[in-house]
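Participant: The structure is given below, and queries will be raised subsequently.
The values are calculated or read from the model by the stated rules, or taken from the named source; none is laboratory data. What you see is a predicted model, and the numbers here were worked out from it, not measured in a lab. Here the Cβ positions follow ideal geometry from the backbone for every residue, glycine too, while neighbour counts run over all protein chains shown. With ligands, DNA and RNA removed, areas are computed over all heavy atoms of the protein, side chains included. Shrake-Rupley method; radii C 1.70, N 1.55, O 1.52, S 1.80 Å.
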Amino acid sequence: MNKSTASIAFAAIEDEKLFRVVAENIFASVNDGIIITDGDGVIVYTNTSFTEITGYEQAEAIGRKPKMLRSEMHDGAFYDNLWSCLLINGHWHGDIWNRRKCGEAYLQHMKIHSVQSVAEEPKYYVAAFRDLTEIRRKDSHIKKLTQFDPLTALPNRFLLMDRLEQAIAIAARDHKKVGLLFIDLDRFKAINEGLGHTVGDEILQIIGQRIRRSVRAMDTVARSGGDEFMVVAGGLACAEDCAIVADTIAAALTADITVKGSPLCVGASIGIAVYPDDGQDAQDLMKSADAALYMAKSAGRGTFRFFQRNQGKPIDHLRLEMDLRAAVKNNELELFYQPQISLATGYLHGFEALLRWQHPSLGTISPTDFIPMAEEIGLIREIGLWVLRQVCRHIADWRGQGYAMVPIAINVAAAQLHDERFLQALEAETRARDIPASFLHVELTESMLMQNPDYAAETLRRMQDTGVKVAVDDFGTGYSSLAYLRTLPIDVLKIDRSFISSIECEESTAKIVRMIIGLAKALGMTVIAEGVENQEQAGFLRSAGCHVAQGYLYARPLPVMEIERNWLAAARSDRVGGHVAAPAPVTVTEGAGPSAEGLSWQQTTCTVSA
Ligand code: C2E
Ligand code: MG
Ligand code: MG
């Protein structure tokens, strides 16, 4: 109702008493607080909402001045302006901080009108006010929901873009640089799947706080979704400053997090793009940081990389993902086999099947790059089934061609542990091709097992029920202990390459390796050393009682043709009779044949425990 229609309506109420009743009813029913003062500013009336908002009863207010509500948050000039406005214009409105009876300051929106007859001094002042606290709270809640990540309370991608644009504008003015860091946690997907989403969420919160504490207060740290964080570091003098930021973050993230009493290490890969060098605006910079992150992941994770324009166009991840899907369909994936040698006899013990991807334009892509991608895009189960079928086909073929039977190990990803189809396929494939299941070994990493040991134990038992042997890969890199592994049904333990590479130079590592071998043997496991590259390492392992060695000393992973020609054919001739000469020495490059150096070559129909 506007002012003129209101006057007409009130004019219709001729009875003064009735009019007063109507007015009192209106005052009592509105949500706004109402104060009426006389011409000297002394309160003569307050309504119920006044009491609800301020905490003062009507009787406590009448006879006093509205000053009683002052919060002391405005200076004298503010009130001078209010009064002069009121006297000159007859009204004032604006936001004003007052104080409730309980002492709490609150913001209200207030409208004040003077009531006077023409040419008279004001007789009354009527003030109506609305408490803005709740509205502000809702506003800020809505702002939080749209601009912040609810899990970590860090800014989300939208707010980050806004801050990035601001930082770029300031840097352009001040001739400074802005660093944009993309941080992607390594192994997080496996942790989340293995330990459950509640633990995953807690880890993300801890990581968020660690990143926040690693940068300056003026920098923005955002969570852009999943296990990805971003940092905008503005006002930098040079690009190298970003390396210091990345180093500090990486150091903070590699410190262990204790999960259910066990230390867990979550490393990160970091991609860095710098304004103006790698992008003129926020969008460009985001693309460059994404490409740099991809480079960091390709470099082996746990590291950071600056965007490199001269490395060609940023790799289009979406494109690569599509290519990987096509590769599975178009048979661009290939299995190589790496021989494993019995240290006691020097005979062939078995092979490990390792995936290779020949990309039509990018060349060979390492499994350390495309396996995590396959896990992320949900393709790993399909690839895992393909590997299983392929290996079973090769075993059956080789057997059909009269080659010796040796165990073949396949690598299994975390998601396959939860894949019913895979467990069923293990049995179905071996049965369909009439292969003794004990010739198939399944390699799982210890961190996969430790993520949910109870569940893993059940799955491993089901695998063993089919006759398949279970191997723990990369032992020593996770956070399990042999004592814990004792509770799991494990046949083979593979000591990680990082231990083998330093046995010669570190006495402590040599002691650990001896201890692992001793304990594993005591638990009835076969021990395989990974990454054996020289005779010294092989000699040490042999004397320490290690059963089997695998590494470049003997052979790199080889394509099927080479395996058949240089390894299996030799084995067959041996079976036919007499000794087989060691294959001719060759330069050890991937795909090349075995070096004679480490090997006294004879065929063996090896049993599982060496
Ligand atoms: P892994 O299972 O631990 O395989 C051993 C890796 O060490 C292989 O790398 C092998 O080429 C490399 N290696 C072997 N001997 C030596 C040595 O003497 N020195 C050095 N420096 N390296 C050696 P590759 O083939 O690049 O595979 C890397 C990882 O990718 C594998 O580690 C495995 O975790 C994963 N992977 C490979 N194939 C598959 C697969 O079919 N499925 C799954 N889920 N993962 C796979
Ligand atoms: Mg392996
Ligand atoms: Mg390994």
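Participant: Lysines near Lys176 by alpha-carbon distance under 21 Å, same-chain residues fewer than 8 away left out - which ones?
Facilitator: Those lysines meeting the cut-off are Lys287.
Participant: Rank Gly378, Pro559, Ile191 by how far each Cα sits towards the positive end of the charge dipole of the chain (+1 on Lys, Arg Cβ; -1 on Asp, Glu Cβ) and give me just the farthest.
Facilitator: Sorting the options by dipole projection puts first Pro559.
Participant: Taking amide H atoms as placed 1.01 Å from N in the peptide plane, list the residues 5 or more away in sequence, or in a different chain, whose amide H sits under 5 Å from that of Ala404.
Facilitator: Here Arg572 satisfy the definition.
Participant: Could you order the peptides 92-102, 445-455 from most to least packed, using the average number of other C-beta atoms within 10 Å per residue? Display every interim value, and only then the final one.
Facilitator: Values: 92-102: 15.9, 445-455: 20.2.
With the highest mean Cβ count within 10 Å placed first, the list reads 445-455, 92-102.
Participant: What FRET efficiency would be calculated for the residue pair Arg20, Glu120, taking the C-beta separation as r and a Förster radius of 25 Å, to the nearest 0.05?
Facilitator: 0.75
Participant: Let me ask you something else. Can you work out the Karplus-derived ³J(HN,Hα) for every residue in the stretch 39-56? Use 6.51 cos²θ - 1.76 cosθ + 1.60 with θ = phi - 60°, whole Hz, and x for glycine or proline.
Facilitator: x, 8, x, 8, 5, 10, 7, 9, 9, 5, 5, 4, 5, 5, 7, 8, x, 8
Participant: So what is the accessible area of the chain per residue, in Å², with the probe set to 1.4 Å?
Facilitator: Details: 29470 Å² over 610 residues.
Here the residues of the chain average 48 Å² of exposed surface.
Participant: Moving to a separate point now. How much length would be gained if the chain were fully extended between Asn31 and Arg389, taking 0.36 nm per residue of separation minus their Cα-Cα distance, in nm to one decimal?
Facilitator: That pair, Asn31 and Arg389, stretches by 121.5 nm at full extension.
Participant: Rounded, prolate or oblate: which fits the stretch 359-468, taking a ≥ b ≥ c as square roots of the Cα gyration tensor eigenvalues, rounded meaning a/c under 1.5, else prolate when a/b beats b/c?
Facilitator: oblate
Participant: Output wanted: per-residue J couplings in Hz (rounded whole) for the stretch 288-298, from phi through Karplus 6.51 cos²θ - 1.76 cosθ + 1.60, θ = phi - 60°, x for Gly and Pro.
Facilitator: Values per residue, Gly and Pro as x: 5, 5, 5, 5, 5, 5, 4, 5, 4, 5, 5 Hz.
Participant: Would you calculate the separation in nanometres between label points at Met322 and Asp38, each defined as 7 Å from the Cα along the Cα-to-beta-carbon direction?
Facilitator: 8.3
Participant: Separate question: At a Förster radius of 56 Å, what calculated FRET efficiency corresponds to the Cβ-Cβ distance of Arg216 and Asn331, to the nearest 0.05? It would help to have the intermediate numbers written out before the result.
Facilitator: Details: r = 52 Å, r/R0 = 0.92.
According to the calculation, E is roughly 0.60.
Participant: Another question about this same structure. Could you tell me which of rounded, prolate or oblate describes the stretch 131-221, using a ≥ b ≥ c as the square roots of the eigenvalues of the alpha-carbon gyration tensor, with rounded for a/c under 1.5 and, failing that, prolate when a/b is larger than b/c and oblate otherwise?
Facilitator: Oblate.
Participant: Right, next: For the chain, what does -39500 (n - 2.57) per DSSP helix run (n ≥ 4), summed and divided by total residues, give at 222 nm, in deg cm²/dmol to the nearest 500? Spell out each step's value before the answer.
Facilitator: Working: 23 runs with 260 residues, N = 610.
One gets -13000 deg cm²/dmol as the mean residue ellipticity at 222 nm.
Participant: Let me ask another. Applying 1/(1 + (r/R0)^6) with R0 = 25 Å to the Cβ-Cβ distance of Gln58 and Thr146, what FRET efficiency is obtained, to the nearest 0.05?
Facilitator: On the way: r = 42 Å, r/R0 = 1.66.
Once the sixth-power term is evaluated, E becomes 0.05.
Participant: Something else now. Between 0 and 90 degrees, rounded to the nearest ten: what's the tilt of helix 157-174 against the longest Cα principal axis of the chain?
Facilitator: 80
Participant: Return a whole-number percent for the relative contact order of the chain, with Cα pairs under 8 Å and 6 or more residues apart as the contact set. Numbers along the way, then the final one.
Facilitator: On the way: 1076 pairs, mean separation 51.3, N = 610.
Over the chain, the number comes to 8 percent.
Participant: Right, next: Compute the signed sum of charges (Lys and Arg +1, Asp and Glu -1) over the other residues within less than 12 Å, Cβ to Cβ, of Asp473.
Facilitator: Result for the local shell: -4.
Participant: By the gyration tensor of its Cα atoms, with a ≥ b ≥ c the square roots of the eigenvalues, what is the shape of the stretch 31-131: rounded for a/c under 1.5, prolate for a/b over b/c, or oblate? Write down the numbers at each step before the final one.
Facilitator: Details: a/c = 1.84, a/b = 1.31, b/c = 1.41.
Oblate, because a/c is 1.5 or more while a/b does not exceed b/c.
Participant: Is there a quick way to get the dipole size of the chain? I mean about its Cα centre, with the Cβ of Lys and Arg at +1 and of Asp and Glu at -1; what is the value in debye to the nearest 20?
Facilitator: My answer is approximately 560 debye.
Participant: Over the Cα atoms of the chain, what radius of gyration and what Dmax do you get, in Å?
Facilitator: 37.4, 130
Participant: Identify all lysines with a Cα-Cα distance to Lys511 below 22 Å; exclude those on the same chain that are fewer than 8 residues away in sequence.
Facilitator: Lys494, Lys521
Participant: Rounded to the nearest Å, what's the spacing between the alpha carbon centres of the stretch 208-284 and the stretch 175-200? Just the number, please.
Facilitator: After rounding, the separation between the Cα centres reads 10 Å.
Participant: If you add up the charges near Lys177, with Lys and Arg at +1 and Asp and Glu at -1, over every other residue whose beta carbon is less than 11 angstrom from its beta carbon, what do you get? Could you put the intermediate results ahead of the total?
Facilitator: Working: positive: Lys176; negative: Asp174, Glu240, Asp241, Asp277, Asp278.
Every neighbour counted, the sum reads -4.
Participant: Here's another thing I want to ask about it. Excluding residues on the same chain fewer than 8 positions from Lys143, give the aspartates and glutamates whose Cα lies under 15 Å from its Cα.
Facilitator: Correct list for Lys143: Glu134, Asp162.
Participant: Carbon and sulfur together cover what percent of the accessible area of the chain at a 1.4 Å probe radius? Could you put the intermediate results ahead of the total?
Facilitator: Working: 15550 of 29470 Å².
Exposed carbon and sulfur together represent 53 percent of the surface.
Participant: State the antiparallel share, in %, of DSSP beta bridges confined to the chain, rounding to the nearest 5.
Facilitator: Values: 67 of 90 bridges.
Antiparallel: roughly 75 percent of the beta bridges in the chain.
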